[in-house]
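The values are calculated or read from the model by the stated rules, or taken from the named source; none is laboratory data. Predicted model only: the values in this text are computed from it and were never measured. Ideal geometry is used to build each Cβ from the backbone, glycine not excepted, and the neighbour counts take in all protein chains shown. What goes into the accessible areas is simple: the full protein's heavy atoms, side chains included, and nothing from ligands, DNA or RNA. Shrake-Rupley method; radii C 1.70, N 1.55, O 1.52, S 1.80 Å.
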Amino acid sequence: MEVAQTRHCSHYNNKQQILLVGEGDFSFSLCLARAFGSATNITATSLDTRDELVMKYTNANQNVEELERLGCTVVHGVNVHSMNRDSRVARVYDRIIFNFPHAGQHQEVVRGFLSSARDMVNWDGGEIHVTHKTAYPFSSWNISGLGSEIGLFLDNEMDFDSWQYPGYSNKRGSGSDSNSSFPVGKSSTFMFKRYRFS
């Protein structure tokens, strides 16, 4: 079993069915795929269309092409609020990952994602991961509270350091500087699981 060579290695491996949403230039998905040596267990998605990706992100096209060569299922135009009803991606996953929902977006984006992901995560040990800044004012988003509102419990919270994911480049995602990175600063990955009765 191949595992990602990061401190999160116990959380991501090639035996898990992994869904990534809200990808920018798909560099996080590609980091995992390279660590596994394959991407046949990964479904990587973006809200952007393929054409929009190419216009916004310098490396998006080559990243997606490499992912597809490694066996990744790449799907564009996926809305995190309705993905549980999107036949292209709606199935059961062991890990569902949303990294850095855009700072300009409201908590409703995260709430909608968690609600949709809850219907798609494996009952048996499946986890929903949201990586987000935790310093003020981002701490006011209360990510753990958003999860509990919809029947998820916070199983773990781990510090996020982008150097643990070689090749990953976070993106602003909107505006004229959408291709630029932003300082991650103090950030955490919030790891949710379903309550058995939810």
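Observations
- Residue count, the stretch 37-56 (criterion: open to solvent by 10 Å² or more (accessible area, probe 1.4 Å) and not β-branched (Val, Ile, Thr)): 9
- Against the list (1) open to solvent by 30 Å² or more (accessible area, probe 1.4 Å); (2) modelled with pLDDT of 70 or more, the condition Asn179 fails is (2).
This table checks each residue for (1) within 24 Å of Tyr195 (Cα to Cα); (2) under 13 Å from the mean Cα position of the chain (by Cα).
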site: Ser82; (1), (2): yes, no
site: Tyr93; (1), (2): yes, yes
site: Ile97; (1), (2): yes, yes
site: Phe113; (1), (2): yes, yes
site: Arg118; (1), (2): yes, no
site: Gly126; (1), (2): yes, no
site: Thr131; (1), (2): yes, yes
site: Thr134; (1), (2): no, no
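- Matching option when the condition is over 20 Å from Phe26 (Cβ atoms) and of a type in the set (Val, Ile, Thr), among Val80, Val75, Val109, Val121: Val121
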